[in-house]
Structures are given as C-alpha cells and as structure tokens.
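What follows is a single structure, written as structure tokens, with notes after it.
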Amino acid sequence: MFDALADRLERVAGRLRGRGRLSEADLDEALDEIRTALLEADVEQGVVRSFTDAVRARSLGEALSKSLSPGQQVIKAVHEELVRVLGGEALKLTYASRPPTVVLLAGLQGSGKTTTAAKLAQWWKQQGRNPMLVGADLQRPAAVEQLRVLGGQVGVTVFSEPSDPVRVARAGLAEARRLGRDVCIVDTAGRLAIDEALMREVRDISRAVDPHYTFLVVDAMTGQDAVATARAFHDTLALDGVIVTKLDGDARGGAALSVKEVVGRPIVFASTGEKLGDFDLFHPDRMADRILGMGDMLTLIEQAERTMDEEVVARSADRLLSGRFTLEDFLEQLQQVRKLGSLGGIMKLMPGMSKEVRAAADQIDDREVNRVEAIVRSMTPAERGEPAMVDGSRRLRIARGSGTSTQDVNQLLKQFKEMQKMMRGAGGPGGLGRLGGLLGGRQGGPGGLPPMGGQGAGGGDLSQLLSGVSAPGAGPGSGDSRFALPARRVPVPPQGGPRNKKKKGGRVTPPKAR
C-alpha cells in the first residue's frame with residue numbers, strides 16, 4: 001500500500017547521500033519531495049503541512065546527532081514524525097473489572113465489520129480470553145449467517161435473534177454474562193453512506209450496552225473518505241480507536257496516515273489480508289519502518305512464534321547444521337514457512353531489501369512452492385532420505401507423479417546436493433541461504449521471477465533473501481543503524497590474498513606492494 005511513498009522517500013535519501021553538510025537548499029528540496037509524496041499518497045493537507053514543518057524543525061534543531069550524515073538525519077526525522085502521525089505507540093488494552101468487556105464495532109457497509117468482528121474474536125482467544133460475538137446487524141441480508149459461519153471457524157459462540165438491533169445487543173450482553181464470557185463483541189449494521197438513521201441506531205445500541213471500547217472499522221482503500229467517516233462517527237459515538245482493513249491493498253494509504261491526526265484517535269488494529277489470522281495490533285513504529293523500507297522483523301518473529309512448530313524447526317535446524325539434512329526435513333521446513341504466509345509478504349518484512357527486491361516480491365508466485373512440494377512428495381521415503389539413489393527412471397517417475405518435467409526434478413536435486421556440500425564443508429549456518437535456492441525452480445526464480453542477483457538488485461538470489469539479509473549498515477559511530485543509508489557495494493578480493501601472476505616464460509612475479 002505504501003510502495004509509492006516508500007519509493008519517493010528512498011529517492012530523497014539517495015539525493016542526500018554523500019553530502020558533507022545539510023544546507024537550507026538541500027532541506028527545502030528534500031521537503032518538497034516529501035510533501036509531494038505525502039499528497040500523492042492521499043494524506044490530508046493539514047497533516048502534510050504539520051508533517052513537513054516538524055521534519056524541518058527536527059532536521060535543523062540544535063540537538064543533531066554528529067554521528068549521522070545529513071541524509072541519515074533527514075530520514076531519522078521523517079521516521080520519528082511518521083511514528084508520531086501514526087499514533088506514537090500501540091494502544092494498551094485494559095479490561096473491565098466486572099466482565100464482560102464490551103466492544104462495539106461501527107462503520108459503513110462494505111468496510112469489513114463482520115469479518116473484523118471474527119478476526120477480533122480470534123485475536124482475543126489467542127490472548128487467553130473467552131470472547132462471544134453478538135450479531136446486531138439485522139439490516140444486511142445474511143449478515144448474521146456470515147457471522148455464525150466465521151464464528152464457527154474461530155470456535156466462538158455467536159448470539160442473535162430476529163427482533164431489533166438494540167434488543168439484540170442488550171440480550172447478547174446478558175447472554176455473555178450468563179455464559180461467563182469475558183469479552184463481548186457487538187457487530188452493528190452499516191449503510192452505504194452516513195445518514196441520520198444509521199447514527200441514531202448505533203447511538204441507541206451504544207447506550208444500551210455501554211461499551212468499554214468503541215472501534216470504527218474503516219476501509220483503507222477509500223482514501224480521504226475514511227477520514228471524513230471517522231470524523232462523523234467520532235462526533236456521534238466518541239470513538240476509542242480505529243481498525244483499518246485492507247492494508248494489503250494497492251491503494252495509496254493516506255487514510256492510515258491521516259486518521260490519527262484528524263480525529264485524534266489512534267489506529268488500534270490493522271487487517272492485512274482475507275484470512276482470519278491476518279489481523280494484529282497496529283504498531284506505529286513498525287509501520288514507519290516498513291514505509292521507509294527497513295522491514296519489520298518483530299512482526300515476522302511474532303508470526304513465527306504463533307504459527308510455526310518450534311520442535312519441528314529445532315529438529316530440522318539441528319540436522320541441517322550437522323550435515324544430515326534430507327529432503328524429508330526440507331519438506332517439513334517448507335510447510336512451516338508456508339504457515340507464515342506468502343513468500344512475497346515474508347520478504348517484504350525482512351530488513352535490508354532493496355527497491356528492486358521489494359518490487360520483485362510482489363511477482364513471486366506461491367504456486368512454485370506447490371510445484372517443489374509436489375516433486376518431493378512424489379518421492380519414496382527412501383529417495384527423500386538418500387537423493388543420490390534417484391536415477392533416470394526414478395526421475396521420470398517422479399516427474400510424472402508431480403506433473404512436472406525431468407528438468408524440474410534435476411534442478412531441485414542439483415540445488416539440494418549443492419546445499420548439502422556447502423553445509424558439510426562449512427559446518428556452520430553460512431549455507432542456510434542455499435535452502436531458499438530450492439524454491440528457485442526454473443531459471444530466473446519462482447513463477448518467472450527475474451534473477452535477483454542482477455544489476456541493481458542489491459545482490460543475491462532468492463536463496464539469499466530467505467536466509468535473512470542483514471539490515472543496511474551505518475557509518476562509523478552511527479547512533480542508530482536503522483537510519484543508515486545503504487552502503488555502496490565494494491568488490492571483495494578473493495580469500496587468501498592476491499595470487500602470484502605467472503608470465504608466459506614460466507617465471508613467477510611477486511605482487512607489487514600497495
């Protein structure tokens with residue numbers, strides 16, 4: 001969603017690279033680019049004005065870090081201001097002393113309230129709570145049925161009855177108390193546009209259940225309309241926070257950058273996909289890191305902790321480091337990685353990704369992973385444990401069983417053999433990156449992805465990306481390496497020092513002293 005904004009800010013950083021000092025003209029040029037980038041991202045004009053003024057004040061202040069270059073100082077100021085505009089810090093939720101804690105969801109039709117209610121219930125279950133859903137949306141056909149289906153997938157009780165929304169909300173709260181639920185989530189009706197009937201209904205429901213939290217669900221794809229909607233609902237309900245949906249879309253994202261500044265209420269949760277698990281607390285600092293291309297390792301680690309089997313990962317890692325890694329272990333690791341989501345999404349969360357790599361991440365076809373998995377599953381257990389026994393006839397059988405070609409099977413076996421050699425020779429984690437090369441499949445990377453080691457890619461193929469690329473390094477004595485601009489690539493001499501040159505006559509000439 002913020003790709004266009006990130007590209008603009010990256011160009012600003014590139015122009016400031018190598019400047020010995022930050023002049024007024026340099027800062028004005030950078031701020032013009034930032035202002036244009038924010039306006040193109042559909043950020044509200046007042047927010048843009050205050051944002052650029054704050055960046056100017058931070059960049060020209062007296063307490064500048066002497067260890068950061070001018071470009072790093074501007075990027076650091078932009079990062080700090082992005083965090084402030086996005087809300088400062090994640091909201092710390094508290095709970096009612098006398099359960100249940102009532103959460104009221106409001107918003108326009110099509111913003112994703114019903115799905116968000118189920119996602120919110122699943123999130124609270126993961127926190128050890130016992131939530132219940134109340135379907136008070138009697139306006140939209142099958143809204144209650146949709147909530148029941150989603151509630152069944154999450155494993156949460158859903159209450160509703162064919163009366164009126166206020167009575168349903170009141171009865172649902174009483175049922176939550178009777179069942180001993182500690183969180184009660186009330187889904188309300190929406191309209192295609194704000195009108196008096198909608199506001200009156202949601203106001204009456206709010207008075208009936210006296211919610212501890214009133215969250216407005218807004219669609220990030222609607223741009224500035226989302227900000228106007230938030231302002232109207234806040235005037236009626238006194239919102240406690242905003243839940244932004246469809247953050248994984250290709251809209252410009254100005255709503256997320258404007259709603260806190262305009263309405264004065266933070267973004268509490270963010271939905272980043274259609275699956276029920278694509279939902280989490282909104283962390284302003286992490287979102288600012290993503291916008292500036294710094295990745296988001298904390299979110300990636302939290303996703304891994306929630307979804308991956310720690311025992312399987314530890315066992316496979318031990319076998320990998322000991323040189324006993326087989327295709328059976330590789331298949332287990334592949335299944336664990338797939339639990340994290342799409343490969344493109346994982347790559348975007350990794351720090352140190354170049355602009356070209358981030359653009360290429362959107363083109364990765366996860367069906368290529370299915371192809372690799374099909375090849376491995378078409379092997380017998382003995383063949384997975386000892387790939388060397390796979391001869392020509394076996395390769396033909398595997399290719400037919402997996403719906404691929406013998407060339408695909410040969411490619412996979414060749415890359416796996418290279419990885420095993422590297423691990424046995426190195427005896428350390430340096431060869432972990434070759435594991436990702438197995439997903440390269442056909443030449444050029446998965447799904448027709450262009451090779452990432454080419455010019456401008458920032459180095460490495462997909463194997464390097466999946467091994468975890470280090471974040472851009474800072475200059476000597478830098479205060480915060482996150483704000484260091486990417487260093488220029490320097491050719492690395494071959495190990496062992498310069499070799500002696502042999503002339504035609506056979507005489508060896510020692511290298512010249514430099």
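Comparing the stretch 101-294 with the 2.2 N^0.38 Å rule of thumb, its C-alpha radius of gyration ratio is 0.97 (two decimals). A full extension of the chain between ARG11 and ARG338 corresponds to an added length of 114.4 nm, given 0.36 nm per residue minus the alpha carbon distance. One decimal place: the segment GLN153-GLU418 gains 91.1 nm when fully extended, by the rule 0.36 nm per residue minus the C-alpha distance.
Ordered by the count of other Cβ atoms within 10 Å of each Cβ, fewest first, SER393, SER59, SER258 give SER393, SER59, SER258.
When Lys and Arg each count +1 and Asp and Glu each count -1, what net charge do the other residues less than 13 Å away from PRO266, Cβ to Cβ, add up to? My count for the surroundings of PRO266 gives 0.
Relative to the Cα centre, the charge distribution of the stretch 82-231, modelled as +1 at Lys and Arg Cβ and -1 at Asp and Glu Cβ, gives a dipole magnitude of about 480 debye. With a simple spin-label model that places each label point 7 Å from the Cα along the Cα-to-Cβ direction, the separation between ASP235 and GLU274 comes to 3.7 nm.
Available extension along the chain between ASP32 and ARG98 is 18.5 nm, counting 0.36 nm per residue and deducting the alpha carbon span. For the stretch 162-188, the residues whose amide N sits under 16 Å from a probe point set 7 Å from the Cα of ALA197 along the beta carbon direction are 164-166.
Using the Cβ-Cβ distance between ARG324 and ASP391 with R0 set to 30 Å, the FRET efficiency from 1/(1 + (r/R0)^6) comes to roughly 0.85.
Read-outs: derived from the displayed coordinates by stated rules, not from any lab. Just so we're clear, the structure is a prediction, and the values are computed from it rather than from any experiment. Here the Cβ is made from the backbone with ideal geometry for all residues, glycine too, and neighbour counts use every protein chain on show.
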